[in-house]
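Everything on this sheet refers to the single structure shown next.
Computed from the coordinates by the stated procedures, all read-outs in this text should not be read as laboratory data. Because the structure is predicted, anything quoted here is derived from the model rather than measured. Glycine gets a Cβ as well: all are built from the backbone with ideal geometry, and neighbour counts include every protein chain shown.
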């Protein structure tokens, strides 16, 4: 049974009560955050992720999977995350292509370029997680709760007054699943930086969320503090020439 079918069968109120009981059985605190996030999907079937629940699941198991998915996302935030090293090796042809164009580069230079690229990719892989956690912390006092683990379809934050918010890091980072909510759906959308120039959009988010303290300077400091307190969040290969 899919989660959507489980909620339809139980009804919104009963599904919410059952979810709270399941969380209690799992020794998971039913906080305001998880409560408000679950109530969003319980009362708006279009916001239920379609990948939760299987053919052998009943209502309890389907809801249990949603709760564990939420908890997994929360526990996998940047400040707690241990990131995996890249699972692929660098393709040697890349260095050949670069050296053919920049003939004055030494082999050591080419190796540094390779590792710099891989390190940059690792940093980009966790950027979204850092942004999500920064917003989760700073928007919580204003009634916003993070939909950890992609537990609300195409929505990243929900407000206690029912508002929905979708966030992206860049203006060109929208994917196919999120684009489906951009026509006739009451979801606020925001991205941090424009893709074609360095222009930050924090003022727009402050307006949406009715805040005045979100800024790039604050976010940069949060990102630096997060990596300092949890260095393994950023995976660095032992062969990296800049590794301490």
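Quick notes on this structure:
- From the Kirkwood radius over Cα pairs of the chain, Stokes-Einstein at 10 °C and 1.306 mPa s returns a whole-number translational diffusion coefficient of 78 µm²/s.
- In terms of packing, defined here as the mean over residues of other Cβ atoms within 10 angstrom, the peptides 187-194, 93-100, 62-69 line up highest first as 62-69, 187-194, 93-100.
- Residues in the stretch 66-88 reached by a label modelled at residue 24 [backbone nitrogen below 20 Å; 7 Å Cα→Cβ]: 66-68, 71
- Cα gyration tensor shape for the stretch 3-75, rounded if a/c is under 1.5, else prolate or oblate: rounded
- Inter-probe distance in nm under a simple model that places probes 7 Å from Cα toward Cβ, at residue 203 and residue 125: 3.7 nm
- Among 159-169, 107-117, the order from most to least packed when residues are scored by Cβ within 10 Å on average: 159-169, 107-117
- Antiparallel content of DSSP bridges confined to the chain, in %, to 5: 55 percent
- Each of residue 228 and residue 9 was given a label point 7 Å from its Cα along the Cα-to-Cβ line. The distance between the two points is 5.2 nm.
- Efficiency of FRET from Cβ geometry, residue 169 and residue 238, R₀ 35 Å, rounded to 0.05: 0.80
- Considering only the stretch 92-233, percent of DSSP beta bridges that pair antiparallel, nearest 5: 55 percent
- Residues 146, 35 in ascending order of nearby Cβ atoms (within 10 Å, fewest first): 35, 146.
- Using C-alpha pairs below 8 Å separated by at least 6 residues, the relative contact order for the chain is 22 percent.
- Nearest 10 degrees, 0 to 90: helix 59-75 Cα axis against the chain principal axis: 40 degrees
- Angle in degrees between helix 92-101 and the longest Cα principal axis of the chain, rounded to the nearest 10: 50 degrees
- Label point distance in nm, residue 213-residue 187, each placed 7 Å from Cα along Cα→Cβ: 2.9 nm
- Taking a ≥ b ≥ c as the square roots of the eigenvalues of the Cα gyration tensor, the stretch 92-233 is classed as prolate, since a/c reaches at least 1.5 and a/b is larger than b/c.
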